[in-house]
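Quick notes on the structure that follows.
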Amino acid sequence: MSQKTNKTGIKQEKRRDFLKLGAAGVVAGGMVSSGVLQASAKTPSQPLGPFFPREQSPIIETVELKDGSPLYLSNDSDLTQLKGSKEKAIGEEIYIKGIVTDSEGEALKDALIVIWQASHEGRYNHQGDSRNVEFKHPNTGQSIERKLDKDFQYWGQALTNEKGEYVFKTILPGFYPADLSSKWYRPPHIHFLVAPKGKQEFVTQMYFDVPSLDQNSFIQELNDKDLILKDVLSGNSLREDIVVKFEKTKITYGEEALIGQFDIQL
Ligand SMILES: [Fe+2]
């Protein structure tokens, strides 16, 4: 399966056409058409996994809002810094942006998006993530300790704007062992939960392709072997829709940042 298909064949051009914009443009709601029309396919759903942030789950306190709302809504869309702290999270800073659309390709505004992920050393801020905290790198044999980063936010939320756009600032998560006996390691990935207004929640995971990083070949090796990603790609899904390419892109003040686009079609 290499052909992208969609049910309607129309209205699909709204996806992806702010790929070339910097993150600041996205936040400001800026929109430029790349002129490239691409058909799209429904984003595949993937398991929630065991580390979704719940009331009793955090190991360390990285909560910004204490207003009584559910824990998973307690943090903003910038995971690289906790409110009120001067410290920054350790790791390769990235921006993830995208457009959330319905099955017809229409932008969904005010859709809530929650993401959660591991630290740069592959550890979730979750009581359930306590096995194999120390393990050996499968290729080099080097000992790795999956440490928590007290300055990392671990999860956050964003709301899509009127064009269905969202943006998160975070760090590239580390890989971690899923099952050492079968030598299964989860590649770097970020979990997404999308709750559009009046519609059913949708859960998936996003993977990485970061050509500018030395470790990218190892990341692709892990992607190729990952049982969950393999399962997803055995269906009709396209690799490029779920394994997102991150490239150095100019943002404001002449600065560059690693930006990737993950569009989600429900
Ligand atoms: Fe995970």
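Output yes when any residue across the range 21-41 is hydrophobic (A, V, I, L, M, F, W, C), at pLDDT 90 or above and surrounded by fewer than 15 Cβ atoms within 10 Å (Cβ to Cβ), and no when none is. Walk me through it before giving the result.
Filtering the range 21-41 down to residues hydrophobic (A, V, I, L, M, F, W, C) leaves 21, 23-24, 26-28, 31-32, 36-37, 39, 41.
Applying the additional criterion that residues be at pLDDT 90 or above yields none.
No; the residues of the range 21-41 include none that is hydrophobic (A, V, I, L, M, F, W, C), at pLDDT 90 or above and surrounded by fewer than 15 Cβ atoms within 10 Å (Cβ to Cβ).
From the set of residues in the range 217-251 that are within 16 Å of the ligand (Cβ to nearest atom) and under 15 Å from S45 (Cβ atoms), which is nearest to the chain's Cα centre (by Cα)? First the steps, then the outcome.
Initial filter on the range 217-251 (within 16 Å of the ligand (Cβ to nearest atom)): 219, 222-223, 225-232, 242-244.
With the extra rule that they be under 15 Å from S45 (Cβ atoms), the set shrinks to 228-229, 231-232, 242.
Numbers: I228: 15, L229: 14, D231: 18, V232: 16, I242: 10 Å.
If we take residues in the range 217-251 being within 16 Å of the ligand (Cβ to nearest atom) and under 15 Å from S45 (Cβ atoms), then I242 is nearest to the chain's Cα centre (by Cα).
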Open item on the list: Tell me the residue from E134, E121, E106, E93 that is more than 16 Å from the ligand (Cβ to nearest atom) and in contact with a Gly (Cβ under 9 Å, 6 or more places away or on another chain), please.
Closed with: E106
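Across the range 131-162, what is the total count of residues that are small (G, A, S) and closer than 28 Å to K183 by Cα? Give the steps one after another, and end with the answer.
Our first condition is that a residue be small (G, A, S); within the range 131-162, this holds for 141, 143, 156, 158.
Filter again for closer than 28 Å to K183 by Cα, leaving 141, 143.
Residues meeting the conditions: 2.
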Open item on the list: Would you confirm, using the coordinates I've provided, whether Y154 is in contact (Cβ under 8 Å) with a residue 24 or more places away in the chain, within 16 Å of the ligand (Cβ to nearest atom) and surrounded by 20 or more Cβ atoms within 10 Å (Cβ to Cβ)?
Closed with: yes
Open item on the list: For the list (1) away from the ligand (no atom under 12 Å from the Cβ); (2) surrounded by 23 or more Cβ atoms within 10 Å (Cβ to Cβ), I need the number of the one condition that L213 fails.
Closed with: (2)
Task: Set D129, D151: member being of a type in the set (D, E) and either farther than 18 Å from L82 by Cα or not in a loop (DSSP other than H, G, I, E, B) (or both) - done: D129
TODO: Being surrounded by 12 or more Cβ atoms within 10 Å (Cβ to Cβ) and in contact with a Lys or Arg (Cβ under 8 Å, 6 or more places away or on another chain) is the filter here, so list the residues in the range 129-148 that pass it.
DONE: D129, N132, V133, F135, P138, I144, R146, K147, L148
TODO: Output the number of the condition that H126 fails; it satisfies all remaining conditions of (1) away from the ligand (no atom under 14 Å from the Cβ); (2) crowded, with 19+ Cβ neighbours inside 10 Å.
DONE: (1)
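Out of the range 178-216, which residues are over 15 Å from the mean Cα position of the chain (by Cα) and part of a strand (DSSP E or B)? Even if it seems obvious, please write down each step before you answer.
Taking the range 178-216 as the starting set, the residues that turn out to be over 15 Å from the mean Cα position of the chain (by Cα) are 178-185, 195-201, 211-216.
The answer is A178, D179, W184, Y185, A195.
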Task: Test set (1) out of contact with any Asp or Glu (no Cβ under 9 Å at 6 or more places or on another chain); (2) more than 24 Å from Q153 (Cβ to Cβ); (3) modelled with pLDDT under 95 - K250 fails condition number - done: (1)
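Pick from V243, V167: which is closer than 30 Å to V63 by Cα and out of contact with any Asp or Glu (no Cβ under 8 Å at 6 or more places or on another chain)? Give the derivation first.
Numbers: V243 fails: out of contact with any Asp or Glu (no Cβ under 8 Å at 6 or more places or on another chain).
Just a single option satisfies the conditions, and that option is V167.
The values are calculated or read from the model by the stated rules, or taken from the named source; none is laboratory data. If you're wondering where the values come from, they're calculated on a predicted model, not measured in any experiment. Positions of Cβ are backbone-derived with ideal geometry, glycine not excepted, and every protein chain shown enters the neighbour counts.
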